[in-house]
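The values are calculated or read from the model by the stated rules, or taken from the named source; none is laboratory data. On a predicted model such as this, the values are computed, not experimentally measured, just so you know. Using ideal geometry, Cβ is built from the backbone for each residue, glycine included, and neighbour counts are taken over all protein chains shown. These accessible areas exclude ligands, DNA and RNA; they are computed on the full protein's heavy atoms, side chains included. Shrake-Rupley method; radii C 1.70, N 1.55, O 1.52, S 1.80 Å.
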Amino acid sequence: MAKKTATIKEDKIITESRAVNTSSIVSKVWAFCNTLRDDGVGYGDYLEQLTYLLFLKMADEYTHPPHNRKMPIPAAYNWQTLTNKTGDALEVHYNHLLRELAKEKGILGQIFTKSQNKITDPAKLYKLIALINAEQWVLMGVKDKGDIYEGLLEKNAEDTKSGAGQYFTPRPLIKAMVECLRPEPMKTIADPACGTGGFFLAAYDWMTDNLSLDKAQKQFLKYNTFFGNEIVASTRRLALMNMFLHNIGDIDSEQVMISPNDSLISASETRYDYVLANPPFGKKSSMTFTNEEGEQEKEDLTYNRQDFWVTTSNKQLNFVQHIKSMLKTTGMAAVVLPDNVLFEGGAGETVRKRLLETTDLHTILRLPTGIFYANGVKANVLFFDGKPASKDPWTKEIWVYDYRTNVHHTLKKNPLKLEDLRDFIVCYNPENRHKRTETYSDANPEGRWRKFSYEQIIARDKTSLDITWLKDKSLADLDNLPDPDELAEDIIENLEAGLESFRAIIASLNATKA
């Protein structure tokens with residue numbers, strides 16, 4: 001008994017020691033990031049350099065005992081070649097290394113695609129290499145490594161000047177969506193615009209935390225579950241590293257889980273069990289080109305796909321059509337989409353009607369403003385299930401949860417937390433979504449959870465899914481107004497949303513003239 005007690009105490013000391021060590025590493029990583037910011041190196045640039053160096057250091061660790069693995073990194077460009085150089089020689093070698101490794105195959109080449117050295121001071125580059133070299137990253141817990149990297153990604157998203165926020169979906173929202181879908185083992189999960197890989201990580205964490213997986217299931221989860229697209233090279237690099245640090249894929253994988261191709265160009269060759277996505281903000285798909293006068297111009301981009309219900313330059317509507325085409329007939333999707341998808345006429349109405357007919361669009365979560373890093377976004381989550389061809393519409397009823405009206409969130413003072421969405425998850429009833437109970441009634445008109453029949457929906461103007469029934473208390477109760485900063489945030493959000501609408505109208509008018 002005494003021996004068992006001693007063992008427990010030893011384990012506790014080791015756990016606490018690791019926690020302290022990880023905490024000190026995090027503080028060192030943050031401190032050095034701030035040092036580089038004084039030289040004009042932003043979080044995004046710092047993250048990229050950290051990604052290159054961490055990848056090389058961990059690859060080096062795997063070549064030593066007890067792993068003794070052979071890595072695909074050429075000896076001339078491995079980690080050791082960075083640790084024995086200083087000054088200009090280090091800078092020249094590092095630049096050459098980045099160029100050469102970009103030519104390699106598999107995940108190695110993808111990590112280093114279009115890589116550049118953004119640390120112009122060789123002394124600071126040397127210091128960052130020394131900082132990374134001082135730790136054993138492979139031995140560090142998966143959660144610890146992942147938390148360090150996710151923390152940096154969130155800081156990068158907060159840096160509004162970089163525009164990185166559009167690639168970062170609030171993690172509590174992602175976790176709530178995954179908790180509703182409850183992905184099962186030995187099934188595939190796709191995201192056609194995966195950003196930094198947040199949906200993949202949340203699905204991986206949920207499955208490892210909530211399911212008892214056997215060896216084959218763990219292997220499938222690590223190598224064969226996740227498939228994504230990300231056209232921005234720097235964001236794809238962060239996603240690949242983020243997944244690797246969370247134990248998805250491997251450092252010497254030939255198969256790359258995230259494709260650099262534009263997912264909208266053509267139909268997916270594979271059908272998936274789950275699609276989780278937050279397609280990029282911005283209504284129009286466009287491409288930039290240089291005209292005869294040498295000036296840059298933008299041109300609306302339409303995707304002529306035979307499997308699409310309608311041809312449009314509206315990026316969001318194209319993603320809805322594409323995601324539907326990616327789903328197996330037994331598949332499930334949860335997609336973050338802006339308000340315009342719910343009420344826009346023309347192509348929008350066509351897409352909504354066909355979605356109601358060909359899938360079971362069973363749930364809509366209306367999201368509050370103030371939760372995204374991109375301003376002026378009013379968004380929703382649409383949950384729908386793939387179905388086989390049928391004469392009759394598959395959607396029989398839509399359940400709407402209004403978590404927008406009279407809800408105030410801000411990124412700094414009152415950020416969205418998973419607990420804020422707990423009531424929605426309970427109402428969704430993931431264990432059996434066919435057994436649900438409305439919280440709205442004549443006796444409780446403030447209930448946020450309400451059911452609408454298919455007939456009620458198609459009878460609405462333009463088959464609008466932009467449904468609300470709650471009264472805005474800020475307009476009715478002048479004695480209990482929100483705090484001034486909340487009001488200011490609301491005003492900014494509404495102005496930003498209005499400006500975005502005006503830009504869309506102007507773009508539409510210009511397109512008509514052309």
Q) Treating the beta-carbon of each Lys and Arg as +1 and of each Asp and Glu as -1, no other charges, what is the dipole magnitude of segment 96-187 about its Cα centre, to the nearest 20 debye? A) 260
Q. Hey, if you drop one equal point scatterer on each alpha-carbon of segment 57-147 and run the Debye formula without solvent, what base-10 log of I(q)/I(0) do you get at q = 0.11, 0.14, 0.21 Å⁻¹?
A. -0.34, -0.56, -1.22
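Past the 30 Å Cα-Cα mark, which pairs from K127/K412; K145/K218; K145/K328?
In this structure, K127/K412; K145/K328 lie more than 30 Å apart at Cα.
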Q) Tell me, what is the FRET efficiency for M186 and S212 to the nearest 0.05, using R0 = 22 angstrom and their Cβ-Cβ distance as r? A) 0.95
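Based on the Cβ-Cβ distance from A389 to S266, what FRET efficiency comes out when R0 is 25 Å, to the nearest 0.05? Spell out each step's value before the answer.
Working: r = 21 Å, r/R0 = 0.86.
Plugging the Cβ-Cβ distance into 1/(1 + (r/R0)^6) gives 0.70.
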**Q.** With all protein chains modelled, accessible area of E419 [1.4 Å, Å²]
**A.** 120
Q: Provide the packing ranking of 268-275, 52-59, 389-396, i.e. peptides ordered by the mean count of other C-beta atoms within 10 Å per residue, highest first.
A: 52-59, 268-275, 389-396
**Q.** Cβ-based net charge around L108, under 10 Å, with every Lys or Arg adding one and every Asp or Glu removing one
**A.** -1
Q | Average Cα contact separation per residue, segment 60-135, under 8 Å, 6 or more apart, as relative contact order % | A | 27
Q | Computed FRET value (nearest 0.05) for N84 with N224, which takes r as the C-beta separation and R₀ as 45 Å | A | 0.70
Q | Pairs beyond 23 Å (Cα-Cα), from K324/K462; K222/K417; K175/K222; K57/K114 | A | K222/K417
Q: Using a cut-off of 11 Å between beta-carbons, work out the net charge of the residues near L131 (Lys and Arg +1, Asp and Glu -1, L131 not included).
A: +3
